[in-house]
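The block underneath contains the structure these notes are about, expressed in structure tokens.
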Amino acid sequence: MAASGWWCGLSLCAKPKQVASESVHGAQLALQRLTAARRCGGGGDAACVDVEAGKPCKCGEEHTEAAAAGRVAAVEAVHHGKPTSSFAHSVINMVGMLIGLGQLSTPYALENGGWASVFLLVGLGVMCAYTAHLIGKCLDDDPASKTYQDIGERAFGGKGRVVASAFIYLEIFFALVSYTISLSDNLPLVFAGAASHLHLPWVRLTATQLLTVAAVLVALPSLWLRDLSTISFLSFAGIVMSLLIFGTVVCAAAFGGVGLGGYIPALRLERIPAVSGLYMFSYAGHIVFPNIHAAMKDPSAFTRVSVASFAVVTALYTALAFVGASMFGPSVSSQITLSMPPGLAVTRIALWATVLTPVTKYALEFAPFAIQLERHLPAAMSPRARTLVRGGVGSAALLLILALALSVPYFQYVLSLTGSLVSVAISIIFPCAFYLKIRWGRVSWPAVALNAAMIAAGVVLAVVGTASSATSLVQSIQKGHAAKVA
């Protein structure tokens with residue numbers, strides 16, 4: 001009971017109006033929650049209807065319009081219950097949501113970019129904190145806007161919503177590919193003994209690939225989940241795993257006998273474009289900020305929440321980057337867990353946390369797409385058929401992602417490409433553009449100049465970063481293919 005109270009005290013327990021999530025997409029689930037009870041107006045005949053499942057109403061046809069209005073009201077009540085998140089709770093939720101897969105690559109990024117690239121890391125953190133503030137201003141300007149897509153539609157109409165949604169789903173796809181690549185890289189170290197003996201003569205897959213396939217198949221049933229309390233538990237587990245990884249790296253540096261004597265160059269300018277994508281991916285999370293804003297008891301404190309959260313996250317990333325790069329120097333891997341000394345208990349914990357993280361993320365990342373999919377299914381379709389379609393499409397998509405991850409096992413390049421191609425747009429370019437469009441005529445010229453400069457900087461980072469990471473990815477694929485042929 002005490003543990004439950006502590007969990008809920010941190011606002012991490014399942015609530016109708018909020019699901020805290022480490023994932024940049026997971027908290028979308030709270031806003032998208034569609035299960036609500038309603039009663040049809042007029043008569044005594046009533047039915048509890050699962051809106052997401054689309055169960056038919058038992059009321060008469062004469063009550064259809066009133067029932068539809070009741071359903072909307074019920075859903076709105078679930079979406080926008082009385083906000084309960086304090087300042088501290090909101091900071092915890094935002095920090096927990098931001099810290100994720102990107103932290104694994106910060107030591108590698110710092111070593112490749114040079115210690116001076118930390119100014120880029122901090123600068124991007126400041127820019128993202130500012131654009132979070134802009135999102136809060138857009139939400140304050142129009143209480144009807146409840147999601148990132150709503151802000152896009154308010155700014156640029158239907159096209160704004162379509163573009164925002166397209167980038168969100170693109171980020172979901174790339175994130176799932178990155179999680180699966182990370183799973184594939186770390187599994188052989190977790191099951192080192194089994195990996196050396198695992199071989200199926202009738203399957204043309206390596207031991208690592210077989211382990212990855214097995215792990216994904218274990219996680220596959222989570223895509224069939226429709227119980228939000230279960231998915232919110234997976235979200236909380238993801239937060240714990242991310243914090244465990246950070247803690248184990250620090251413990252390895254302090255007590256693992258590795259030391260901090262690794263050499264970090266001052267600056268490698270030619271690698272900054274790719275490094276910027278890795279850094280940018282670490283700050284992705286703006287699509288969830290409207291949820292945090294809606295859950296706050298005092299939305300006027302959202303800017304302070306954003307500043308505090310990004311300050312904490314930037315400090316954690318900077319510390320982890322310097323500790324990891326100093327521990328291993330030029331030999332640091334694209335994921336810090338792959339460089340940690342074998343045999344240490346903290347290394348085993350870090351590896352297990354890294355392997356379990358994707359398992360907690362698949363259902364969470366897929367949920368927004370699954371809900372949209374169900375919305376477009378025929379209303380007359382039975383709940384069982386809806387579940388089969390949802391689970392079947394999700395399973396097929398995950399198997400496709402698995403095949404892609406096994407074909408392109410280059411974690412740092414996929415992560416950098418995601419950061420440059422998608423995260424820069426979602427976290428820097430779009431918020432500035434939305435804000436200027438919505439509040440045009442009410443913004444001072446210095447603010448216009450600042451936002452225009454940030455849009456220009458974001459475009460430059462996106463173009464050069466995407467070109468650099470895409471080129472490196474293609475070259476790596478060609479080298480891998482040549483090695484197989486040889």
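State the extension gain, in nm to one decimal, for the chain segment bounded by residue 126 and residue 483, taking 0.36 nm per residue of separation less the distance between their alpha-carbons.
Difference between extended and current length: 124.3 nm.
Would you mind working out the magnitude of the charge dipole of the range 236-365 relative to its Cα centre, with +1 at each Lys and Arg C-beta and -1 at each Asp and Glu C-beta, to the nearest 20 Debye?
Magnitude of the dipole: close to 40 debye.
Counting only residues 5 or more places away or on other chains, whose amide H sits under 5 Å from the amide H of residue 268 once H atoms are built in the peptide plane?
114
Which whole-number percent is the relative contact order of the range 303-444 (Cα, under 8 Å, 6+ apart)?
Dividing the mean separation by the residue count of the range 303-444 yields 12 percent.
If you rank 153, 270, 365 by how much accessible surface each has, with a 1.4 Å probe, what is the order from largest down?
These residues rank, largest area first, as 270, 153, 365.
Skip the ligands, DNA and RNA, and give the accessible area per residue of the range 81-485 with a 1.4 Å probe, whole Å².
40 Å²
Once the dipole of the range 108-223 is set up with Lys and Arg at +1 and Asp and Glu at -1 on Cβ about the Cα centre, which of 217, 118, 189 lies farthest towards its positive end?
Ranked along the dipole, the leading option is 217.
Towards the positive end of the charge dipole of the range 81-485, with charges on Cβ (+1 Lys, Arg; -1 Asp, Glu), say which of 362, 264, 92 has the farthest Cα.
Projecting each Cα onto the dipole axis, the largest value belongs to 362.
Find how much the distance from residue 447 to residue 88 grows on full extension, using 0.36 nm per residue of separation minus their present alpha carbon separation; answer in nm with one decimal.
Net length gain for the segment: 126.3 nm.
Order these peptides, 274-281, 317-324, by their mean beta-carbon neighbour count within 10 angstrom, highest first.
With the highest mean Cβ count within 10 Å placed first, the list reads 274-281, 317-324.
If the only charges are +1 at each Lys and Arg Cβ and -1 at each Asp and Glu Cβ, what is the size of the charge dipole of the range 334-486 around the Cα centre, to the nearest 20 debye?
Computed charge dipole of the range 334-486: roughly 260 debye.
Are there chymotrypsin sites (Phe, Trp or Tyr not before Pro) in the range 398-480 that DSSP puts in a loop and that have at most 10 other Cβ atoms within 10 Å, and which ones?
The qualifying sites are 440.
What does the C-alpha gyration tensor say about the overall shape of the range 260-305? Classify as rounded when a/c is under 1.5, otherwise prolate if a/b is larger than b/c, or oblate.
prolate
Take the Cα of residue 476, step 7 Å along the line toward its Cβ, and report every residue of the range 107-143 whose backbone nitrogen sits under 19 Å from that point.
Backbone N within reach: 107-114.
From Cα pairs below 8 angstrom and at least 6 apart in sequence, can you work out the relative contact order of the range 81-485, rounded to a whole percent?
Computed over the range 81-485, the figure is 35 percent.
Rounded to the nearest percent, how much of the accessible area of the range 81-485 (1.4 Å probe, protein heavy atoms only) is carbon and sulfur?
Here it works out to 71 percent.
May I ask which of 137/159; 361/437; 159/297; 82/159 have a Cα-Cα span longer than 30 Å here?
Those over the limit are 361/437; 159/297; 82/159.
Spelling out what I want: for every residue of the range 325-339, take phi, set θ = phi - 60°, compute 6.51 cos²θ - 1.76 cosθ + 1.60 (Karplus), and round to whole Hz; glycine and proline get x.
Residue by residue, the range 325-339 yields 5, 6, 5, 10, x, x, 8, 5, 7, 5, 10, 4, 5, 6, 9 Hz.
The values are calculated or read from the model by the stated rules, or taken from the named source; none is laboratory data. Small disclaimer: the values here were computed from a predicted structure and weren't measured. Glycine also receives a Cβ, built like all others from the backbone with ideal geometry; neighbour counts cover every protein chain displayed. When the accessible area is computed, the model is the full protein with side chains, heavy atoms only, and any ligands, DNA or RNA have been set aside. Shrake-Rupley method; radii C 1.70, N 1.55, O 1.52, S 1.80 Å.
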